[in-house]
Ligand SMILES: [Zn+2]
């Protein structure tokens, strides 16, 4: 029997299963779940672990005590996670899946079936989100206009810059020599959090 502190592959797996409150490797070996069941169980276990950890953190940190951590925070966590993944390019879109499964998976967006589901499509182009996006685009345009940005309409109407403003508005590609103030970054960020 290995010590719990050792770093072998099997010990790491055992620790992971224990951390996420999942069945032991032996139980999984005895009755292996189907791929779908395992995927759902894993996602739910990771979510529950993340929420439990946040709740513990909130209890320990006085400044976080006033946060409503029931539904709103769970939603915020998921949103923050989605945005972080979109920003780092680790959010799994059809186009990403297709890269690794060339023959088995189509990169086409499963919501609209019009073009590959890449980041720009997901955030700025998918027609199934047009209604929500148009409202948000108008607010983002107003926000940029109030900050004195040049050509705010071009920025929000161009799919690439719209996507970039949402995932990270500090990038040079959407600033064209303009140095955004902290207040401006914060206002765009607040709006972006409502959108994604
Ligand atoms: Zn689509």
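Read-outs: derived from the displayed coordinates by stated rules, not from any lab. What you see is a predicted model, and the numbers here were worked out from it, not measured in a lab. Cβ: placed from backbone, ideal geometry, glycine included. Neighbour counts: every protein chain shown.
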**Asked** Going by alpha carbons, how many degrees (0 to 90, nearest 10) lie between the helix axis of 71-88 and the longest principal axis of the chain?
**Response** 80
**Complete:** For the chain, the longest principal axis of the Cα atoms and the Cα long axis of helix 130-146 enclose an angle in degrees, to the nearest 10, of 60
**Request:** Mind jotting down the distance between the C-alpha centroids of segment 121-196 and segment 96-117, whole Å?
**Result:** 26
**Request:** For helix 9-19, report the angle its Cα long axis makes with the longest principal axis of the Cα atoms of the chain; keep it between 0 and 90° and round to the nearest 10°.
**Result:** 70
**Prompt:** residue 106 to residue 132: FRET efficiency via 1/(1 + (r/R0)^6), r the Cβ-Cβ distance, R0 30 Å, to the nearest 0.05?
**Reply:** 0.75
**Prompt:** Rounded to the nearest 0.05, what FRET efficiency do residue 11 and residue 77 have when you use their Cβ-Cβ distance and R0 = 35 Å?
**Reply:** 0.75
**Item:** Amide N proximity, segment 157-187 versus residue 146 label position 7 Å along Cα-to-Cβ, cut-off under 14 Å
**Value:** 183-187
**Prompt:** What base-10 log of the normalised intensity I(q)/I(0) is obtained for the chain from the Debye formula, alpha carbons as equal point scatterers, at q = 0.10, 0.16 Å⁻¹?
**Reply:** -0.62, -1.16
**Message:** Quick check: from the Cα gyration tensor, does segment 73-140 come out rounded (a/c under 1.5), prolate or oblate?
**Reply:** oblate
**Prompt:** Residue separation times 0.36 nm, minus the C-alpha to C-alpha distance between residue 20 and residue 53: what's the value?
**Reply:** 10.8 nm
**Request:** Please give the FRET efficiency for residue 115 paired with residue 190, using the beta carbon to beta carbon distance and R0 = 22 Å, rounded to the nearest 0.05.
**Result:** 0.15
